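As structure tokens, the structure follows; a few thoughts come after it.
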Amino acid sequence: MHLLLSGIVGSVAYGLAGPGSDVDRIGVFAAPTVAFHGLHPPRESVVTTEPDLTLHECAKYCRLALSGNPTATELMWLPDDCYETRTEFGERLIEIRRAFLSAPRVRDAYLGYATQQFRKLTTRDSSQGGRRRSAKHARHLARLLHQGRVLYETGVLEIRLADPEWFRTFGERVAGGALAEAEALVAAAERDFDRVRSPLPERPDEETVERWLLDVRAAHLPG
């Protein structure tokens, strides 16, 4: 396994971390190219919980990012202080990050993941632990909608939130019972996506992504 790019994502990167927040990490690695020709191809992902770490083999990572997956996409847009590994291929990946973007996939991915968070809110647990989880789901919902709209409108993914306190307060209100406020936020985001003319293309630039991936494969041949 050759780690190409890795960094701290999640609440720490967004500026939403509290005293008990986990530190989440994600990375991209390259398996030896010849390993794909054997009886047992390399694993596409490695996930651990202590520490909270997700690593994707570079081909799988590209597929996830091309689909608009928010967590995969944000690795290429992190603030400099959140990166922990930056190789030459990692730098090149950051340089071509806009090649992964397309208007329909950004809209569908960010709205889709935000809607998943809303569904979790509708099964709210009234216990103290349940309230904490509800507040977290509400923060993620609001954050996904905000990041998705900004990315869709400008072509730039905002990782570190300008006003993290608003998202914390929103989460507490929704956890306290203001579910209608979360529902209204989703509806407003849907209207914004329908109204805004995005500078993003209709399709991602797969040729640029493919060139990067093939260069990674060539660099990881024996000898």
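The values are calculated or read from the model by the stated rules, or taken from the named source; none is laboratory data. None of the values given here were measured: they were computed from a predicted structure. Please note: Cβ atoms are built from the backbone with ideal geometry, for glycine as well, and neighbour counts cover all protein chains shown. Only protein heavy atoms, including side chains, enter the accessible area calculation; ligands, DNA and RNA are left aside. Shrake-Rupley method; radii C 1.70, N 1.55, O 1.52, S 1.80 Å.
Odds and ends about this structure:
- Rule-of-thumb Rg ratio for the stretch 1-84 [Cα; 2.2 N^0.38 Å; N residues]: 1.17
- Subtracting the Cα-Cα distance of R173 and R197 from 0.36 nm times their residue separation leaves 5.5 nm of extension gain.
- The chain - percent of accessible surface contributed by carbon and sulfur, probe 1.4 Å: 51 percent
- Rolling a 1.4 Å probe over the heavy atoms of the protein chains gives the stretch 38-99 an accessible area of 52 Å² per residue.
- The residues of the stretch 107-209 expose, per residue, 54 Å² of accessible area to a 1.4 Å probe.
- Only helical runs count toward this figure. For the chain, summing -39,500 (n - 2.57) over DSSP H runs of n ≥ 4 and dividing by all residues gives -16500 deg cm²/dmol at 222 nm.
- Calculated FRET value between T87 and A162, using beta carbons and R₀ = 41 Å, to 0.05: 0.85
- Dimensionless Rg/Rh of the chain - Kirkwood Rh, Rg from C-alpha atoms: 1.00
- Modelled spin-label separation between A187 and F36, with each label point placed 7 Å from Cα along the Cα-to-Cβ direction: 4.8 nm.
- Tensor-based shape of the stretch 151-201 (alpha-carbon gyration tensor, a/c under 1.5 rounded, otherwise prolate or oblate): oblate
- Computed E for T49/D108 - FRET, C-beta separation, R0 30 angstrom, nearest 0.05: 0.55
- The length gained on full extension between D215 and E95, counted as 0.36 nm times the residue separation minus their Cα-Cα distance, comes to 41.7 nm.
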